[in-house]
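Written below as structure tokens is the structure these notes are about.
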Amino acid sequence: MSGRKLGCRPAVVLPGQPRLDGLRMMARKAPAVLDRSHINPAPLLLGNDQIGDCTSVGLANALRATAALGRFQIGVDDDNAIQFYAESTGYKPGCPETDQGGVEVDVLRFAVVCGYRLASGDYYPLWGTANAQDRNALALIMACLGTVYLGVLLSQSDMNQIEATNGACVLEADNSAYGDTTPGSAGGHCLLGWSYSGLSDSDTVDLLTWGTIQKATWGWLHSRIMEAHGLVWPQLTLANGLYPTGPELDALRAQNVEFLTP
């Protein structure tokens, strides 16, 4: 498939934005392996081959992946994703000059206030940021929350390798055979971390993007990542018993409320 679009603007840290550090779940040691090969997260493309709506698509696919872990699914179509992209970033359909991508923390703030509107209802996430270079934290977010919402700086070599193999490759930090390996030389992209084969640099992470699962090494992610966030969907519950409830959920909700209070 050609026409993979990017649309994640440079990472921004806002005053008082919610963080996951203080939650009890983040004090655990992440599982050595997170094998979800038996579960289909069913990621969708949702227009990201035509416009830079990846920040919206990431939220939609996070909803779908969380639902898949609970053995059900949530319907999302292109119109849903494009509508949210338009409302959260100022994009005007039919006006290419307004297709400027989104800032992840702004998009997340919008989602908390206005929800992600679907035929099945409006879904309101709670969110918190993690240290993007803390591998244990990223792995814990996948294990406990279903996915980790990432902002990465893709190189031209990454895009060339994905295009040349139609995504049937493992992205590595030094893929210079495909061109310029400078992080960001192609642009920024929002995608999801879903599962992993281990926690060493050479182990692979399964990333949900462009309607499929793209493999990359942890070493690649370390090189390309610029931000990481965890999402909790209070309207959904994971079957694994790790999803935050009670005091932990209350603490995260309080952070989100405080962040939105002038």
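Only the coordinates and a few stated rules stand behind these numbers; no lab work does. Since the model is a prediction, treat every value here as computed from it, not as a measurement. Neighbour counts run over all protein chains shown; Cβ positions are idealised from the backbone, glycine included.
Tabulated data for the structure shown
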read-out: All Cα pairs of the chain, percent lying beyond 28 Å; value: 27 percent
read-out: Selected from MET25, LEU108, ILE141, residue furthest toward positive end of dipole (the chain; charges at beta carbon); value: MET25
read-out: Computed over segment 146-262: relative contact order in percent, which uses C-alpha pairs under 8 Å that are six or more apart; value: 29 percent
read-out: Charged-residue dipole, Cβ positions (Lys, Arg, Asp, Glu), the chain about Cα centre, Debye nearest 20; value: 600 debye
read-out: Solitary cysteines of the chain, where the nearest other Cys Cβ is not under 4.7 Å; value: CYS95, CYS114, CYS144, CYS169
read-out: GLN235 paired with GLU97, simple spin-label distance in nm, labels 7 Å along Cα-to-beta-carbon; value: 3.6 nm
read-out: Spacing of the two label points (7 Å from each Cα toward its C-beta) at ASP122 and GLU163, in nm; value: 4.1 nm
read-out: Amide H within-cut-off set for ALA173, under 5 Å, with H built and near neighbours excluded; value: TRP220
read-out: Pairs of alpha carbons in segment 118-182 whose separation is greater than 18 Å (percent); value: 57 percent
read-out: FRET efficiency estimate (nearest 0.05) - Cβ-Cβ, ILE39 to VAL13, R0 41 angstrom; value: 0.80
read-out: Mean Cα-pair separation over length for the chain, i.e. relative contact order, pairs under 8 Å, 6 or more apart, %; value: 28 percent
read-out: Rel. contact order, % - alpha carbon contacts under 8 angstrom, at least six apart, segment 100-182; value: 18 percent
read-out: Linear extension gain, GLN50 paired with ALA251, 0.36 nm per residue minus alpha-carbon span; value: 68.5 nm
